[in-house]
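First comes the structure, then the notes that go with it.
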Amino acid sequence: MGTERILASWWRTRRAMRLSPTRLQRHRQQQWRALQPALRRTPALQAHAGGRLEDVPIVDVAEIRRDYGQWNSLGLTEAQIRQMADHPRPSDIAVGYSSGTAGQRGLFIADAAERADYIGQSLARLLPLAALMKRQRLALHLRSNSALYSDVSRGRFAFAHFPLDHAADQTWVALQAWRPTILIAPPHRLLAMAHAAKGPLPTLHHLFYGSEPMSRAEADWVESHFRLRPRSIYQATEGFLGAACPQGALHLNDHSLDIELSPVDGTPGFRPIITDLRRHSQPIVRVRGDDYLELADQTCPCGFAGRVIAPPMGRVQQIWRYPGRVITPGQVIDTMDALVGPQTRWRAVAGREGVTLHFHADHDRDHADLAAEQLRARLGLPVPVQPAHDFIPDTGPKRSRVEWRNG
């Protein structure tokens with residue numbers, strides 16, 4: 001994969017980041033027109049090629065996952081795609097799994113040009129120009145390695161993959177030996193490493209998190225250990241959706257995606273309908289995501305006109321719904337952080353009859369009783385809240401702290 005492609009993507013992204021909202025809209029329209037040949041080669045979308053984006057039917061992620069052979073422009077069948085993902089070989093076409101929870105992992109397909117574009121966009125959105133002039137050592141904490149990420153190991157960038165299933169203290173020792181300048185990890189790993197750390201990583205200059213929510217209190221606590229504020233990367237199998245700018249504002253990638261915001265009943269928020277305008281091998285057109293998003297009430301001084309959202313705190317399926325009362329995952333998380341602090345591990349499971357707060361067996365009983373009482377009062381819950389001391393840590397690559405069981 002040529003460095004020229006990465007640099008071209010970097011320059012294209014930086015230029016788009018200086019456009020006004022109106023010019024960004026025109027830029028997206030141009031990219032939509034350029035996407036049409038790929039749509040004509042994609043069985044599930046070929047009937048809509050040449051038409052307007054808003055006329056393409058909205059689909060859920062589950063529909064794509066039923067048959068990836070219908071959702072690529074390369075003529076690959078479902079069986080071929082699965083074979084390429086399970087038995088990767090050096091190729092222009094890379095197929096890999098997302099880091100979703102067990103049983104829900106999506107597949108992505110990307111050719112060399114798209115991988116170069118991903119890297120160029122990421123560098124432009126995440127790092128200042130000065131950082132590209134220096135050699136960087138990038139540490140990525142992922143469920144599994146893939147060409148989409150290992151392609152980063154080129155030129156001035158050295159790359160190391162740190163599996164999520166390694167113990168936090170083991171990973172911390174390995175990080176100290178690797179001496180990264182850039183660290184990207186899910187929040188639960190950053191928190192675990194902060195527990196294991198005896199001090200900051202002196203070589204680290206850029207710290208990012210993704211894959212799952214991180215609350216403000218958790219970010220404060222991680223910052224106190226790493227001496228760096230973690231910045232959000234908002235990414236899904238459906239695309240590189242957004243990233244926090246140097247000012248800390250999480251901008252949607254409105255330069256390369258058309259993200260429609262569909263209102264979520266009873267809340268001030270939305271769920272995204274995603275069109276990746278630069279993804280040709282596996283076109284993503286009007287795919288409805290599960291994340292619950294809220295627009296941030298702020299104007300960012302960084303100059304990028306991409307819309308600013310609050311960091312996603314959960315999925316629409318995790319919203320608690322009671323007669324006359326709707327509670328979002330972010331409300332639960334912020335309240336619990338205020339009650340028990342970001343270092344306490346907990347899980348709140350709600351249903352129509354009540355809420356159970358799960359704590360570790362050694363968590364103080366009186367404190368747990370008080371937290372349950374205060375959670376009910378502060379959120380105005382119309383059902384009882386009971387503490388339990390049976391917390392079991394998540395065994396998958398993502399943690400889940402807020403659940404709704406609609407049974």
Qualifying residue in the stretch 325-343 (condition: modelled with pLDDT of 95 or more, over 22 Å from the mean Cα position of the chain (by Cα) and either assigned to a loop (DSSP other than H, G, I, E, B) or polar (S, T, N, Q) (or both)): yes
Qualifying position, being of a type outside the set (Phe, Trp, Tyr), in contact with a Lys or Arg (Cβ under 6 Å, 6 or more places away or on another chain), at pLDDT 95 or above and closer than 20 Å to LEU24 by Cα, among LEU257, LEU252, LEU241: LEU252
Between SER146, SER150, which is of a type outside the set (D, E, K, R), out of contact with any helix residue (DSSP H, G or I) (no Cβ under 6 Å at 6 or more places or on another chain), modelled with pLDDT under 85 and surrounded by fewer than 20 Cβ atoms within 10 Å (Cβ to Cβ)? SER150
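Residues checked against (1) closer than 22 Å to PRO128 by Cα; (2) touching a residue at least 60 places away in the same chain (Cβ under 8 Å); (3) not basic (Lys, Arg):
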| position | (1), (2), (3) |
| --- | --- |
| LEU241 | yes, no, yes |
| PRO246 | yes, yes, yes |
| ASN253 | yes, yes, yes |
| ARG278 | no, yes, no |
| ARG286 | no, yes, no |
| CYS300 | yes, no, yes |
| ARG307 | yes, no, no |
| VAL316 | no, no, yes |
| ILE333 | no, yes, yes |
Checking GLN235 against (1) at pLDDT 95 or above; (2) within 25 Å of LEU107 (Cα to Cα); (3) not aliphatic (A, V, I, L, M), which single condition isn't satisfied? (1)
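So that you can scan it fast, the table gives a plain yes or no per residue for (1) in the same structural domain as ARG12 (by TED's automatic domain parsing); (2) part of a loop (DSSP other than H, G, I, E, B):
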position: HIS195; (1), (2): yes, no
position: LEU204; (1), (2): yes, yes
position: ASP220; (1), (2): yes, no
position: ASP254; (1), (2): no, yes
position: GLU260; (1), (2): no, no
Could you tell me how many of the residues in the stretch 49-70 are under 16 Å from LEU39 (Cβ atoms) and in a loop (DSSP other than H, G, I, E, B)? 7
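The values are calculated or read from the model by the stated rules, or taken from the named source; none is laboratory data. Only a predicted model underlies this, so the values are computations on that prediction, with no experimental measurement involved. Every residue, glycine as well, gets a Cβ built from its backbone with ideal geometry; the counts of neighbours run over all protein chains shown.
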